[in-house]
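**Student:** Got a structure for you, written out below as structure tokens; questions coming shortly.
The values are calculated or read from the model by the stated rules, or taken from the named source; none is laboratory data. Keep in mind the model is a prediction, meaning the values are calculated, not measured. Methodologically, a virtual Cβ is constructed for each residue, glycine included, from the backbone with ideal geometry; neighbour enumeration extends over all protein chains shown. When the accessible area is computed, the model is the full protein with side chains, heavy atoms only, and any ligands, DNA or RNA have been set aside. Shrake-Rupley method; radii C 1.70, N 1.55, O 1.52, S 1.80 Å.
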Amino acid sequence: MKLSFMTALLFGCVCFAQNNTDTSLYMKSDKITYLTDIGSESGDLYKTIGHHGPAVENEWMALRIYFSDKVAIDVYNKANPGLELKKASWYPTPEQQKEGWGADYYKVASTVGLGGVKLWDGENLVPLNPVTNRLARVGKTDTTSWMEMISRGVAYKGKKVDILIRVTVFSGKREAKVEALSLNGEKVQFATGVNYFKGFETKKGNNYIAVWGEHPEDVAAEIVGIGAAIKYNPKDYVKNTDDGTQYLLISKPTKHLETQIISVCGREKEINTLDKLEAYIK
């Protein structure tokens, strides 16, 4: 009996040690207590929550969903593999960045960011705002971490719909999974994609879009080349478009949509160019 217990304990420790993912959700006024969920009838806790919304990370990147009218997905890129969110809170000091920490190089602006989701009414993008309520949740399994943003009461084609965005990161896997669900059971057209800036390089394949370039300097100590890509099933979409700031994918009417996203940066040792990113995707 003792052997079985110790064996189980040992294997439990091994599994936990191998889960190189984490979550982060906390109030700016209380950086000690981490939350599992938080909601707001206004739909905007951007200035109230640490790093402006729920966040998850794996070894190579962290992702956050803005708790605001944007509901965009933003990226924290890393120079070296490891978990940094709990210590860095998304914003390492310049000294920490020079020592090998990652940074917030990515800039979303007014786009979906990397794999963020809006709706499409047949002619225009429809933001997940205003809402009757917005809820953020985070959680972990043995090998993953996930975050969710539920936007309730979004006006869409004369009806109100509830939309859930779930992002899952995996231990030992670079790609994160993004899911969009219509919780009412109403079929909707989702819009997703990846943003870019002037001077970016782009690679496109049958099931992916990859971009590389320097985002406008914001809070990082230096400007670094960033790669970002979205992988998708072309059978799920009816239209691809480019509005000058983002490559957008417009889905068929559906209740559920799934994509994969990945981001890398020039400070990495393994994947630090667009060609290497495309080779990895292929």
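**Student:** Which of the residues belonging to segment 145-195 are under 25 Å from Asn207 (Cα atoms), in contact with a Ser or Thr (Cβ under 7 Å, 6 or more places away or on another chain) and open to solvent by 20 Å² or more (accessible area, probe 1.4 Å)?
**Tutor:** Scanning segment 145-195 gives Trp146, Phe170, Ser171, Lys177, Lys187, Gln189.
**Student:** Right, another one. Any idea which of Asp44, Asp37, Asp30 is open to solvent by 30 Å² or more (accessible area, probe 1.4 Å), farther than 18 Å from Asp104 by Cβ and touching a Phe, Trp or Tyr at 6+ places or on another chain (Cβ under 8 Å)?
**Tutor:** Asp44
**Student:** So, one more: Within segment 235-249, does at least one residue satisfy the condition of being assigned to a strand (DSSP E or B), touching a Phe, Trp or Tyr at 6+ places or on another chain (Cβ under 7 Å) and within 21 Å of Lys173 (Cβ to Cβ)?
**Tutor:** There is no residue in segment 235-249 that is assigned to a strand (DSSP E or B), touching a Phe, Trp or Tyr at 6+ places or on another chain (Cβ under 7 Å) and within 21 Å of Lys173 (Cβ to Cβ).
**Student:** It is to be established whether one or more residues within segment 79-88 are touching a Leu at 6+ places or on another chain (Cβ under 7 Å) and either among the aromatic types (Phe, Trp, Tyr) or over 18 Å from Glu268 (Cα atoms) (or both).
**Tutor:** No, there is no match, as no residue in segment 79-88 is touching a Leu at 6+ places or on another chain (Cβ under 7 Å) and either among the aromatic types (Phe, Trp, Tyr) or over 18 Å from Glu268 (Cα atoms) (or both).
**Student:** Across segment 181-209, what is the total count of residues that are of a type in the set (D, E, K, R) and touching a Gly at 6+ places or on another chain (Cβ under 7 Å)?
**Tutor:** Residues that pass the stated criteria total 1.
**Student:** Okay, next question. Kindly indicate which of Ala72, Ala88 is at pLDDT below 95 and crowded, with 20+ Cβ neighbours inside 10 Å.
**Tutor:** Ala88
**Student:** Can I ask one more? Among Glu278, Glu258, which is the only one that is in contact with a strand residue (DSSP E or B) (Cβ under 6 Å, 6 or more places away or on another chain) and in a helix (DSSP H, G or I)?
**Tutor:** Glu278
**Student:** If you don't mind, another one. Identify, by number, the condition in (1) modelled with pLDDT under 95; (2) touching a strand residue (DSSP E or B) at 6+ places or on another chain (Cβ under 6 Å) that Gly39 doesn't meet.
**Tutor:** (1)
Residue-wise test of (1) more than 23 Å from Lys252 (Cβ to Cβ); (2) touching a strand residue (DSSP E or B) at 6+ places or on another chain (Cβ under 7 Å); (3) not polar (S, T, N, Q).
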{"site": "Thr144", "(1), (2), (3)": "yes, yes, no"}
{"site": "Met149", "(1), (2), (3)": "no, yes, yes"}
{"site": "Val154", "(1), (2), (3)": "no, yes, yes"}
{"site": "Gly158", "(1), (2), (3)": "no, no, yes"}
{"site": "Ile163", "(1), (2), (3)": "no, yes, yes"}
{"site": "Val167", "(1), (2), (3)": "no, yes, yes"}
{"site": "Lys173", "(1), (2), (3)": "yes, no, yes"}
{"site": "Val178", "(1), (2), (3)": "no, yes, yes"}
{"site": "Lys187", "(1), (2), (3)": "no, yes, yes"}
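**Student:** I've got another one for you. Pairs only if they're at least six apart or on different chains, beta carbon under 7 angstrom, first in segment 44-71 and farther than 18 Å from Ser29 by Cα, second aliphatic (A, V, I, L, M) and open to solvent by 10 Å² or more (accessible area, probe 1.4 Å); list them, first residue then second.
**Tutor:** Val56/Val138; Glu57/Leu83
**Student:** Looking at segment 238-246, can you tell me whether even one residue there is open to solvent by 30 Å² or more (accessible area, probe 1.4 Å), in contact with a Lys or Arg (Cβ under 6 Å, 6 or more places away or on another chain) and free of Cβ contacts under 8 Å to residues at least 60 places away in the same chain?
**Tutor:** Yes, there is a match, as at least one residue in segment 238-246 is open to solvent by 30 Å² or more (accessible area, probe 1.4 Å), in contact with a Lys or Arg (Cβ under 6 Å, 6 or more places away or on another chain) and free of Cβ contacts under 8 Å to residues at least 60 places away in the same chain.
**Student:** Mind checking which pairs have a first residue in segment 108-125 that is closer than 25 Å to Met61 by Cβ and charged (D, E, K, R) and a second that is in a loop (DSSP other than H, G, I, E, B) and open to solvent by 10 Å² or more (accessible area, probe 1.4 Å), Cβ under 6 Å, 6 or more apart or different chains?
**Tutor:** Here the result reads Lys118/Pro127, each pair linking segment 108-125 to a residue that is in a loop (DSSP other than H, G, I, E, B) and open to solvent by 10 Å² or more (accessible area, probe 1.4 Å).
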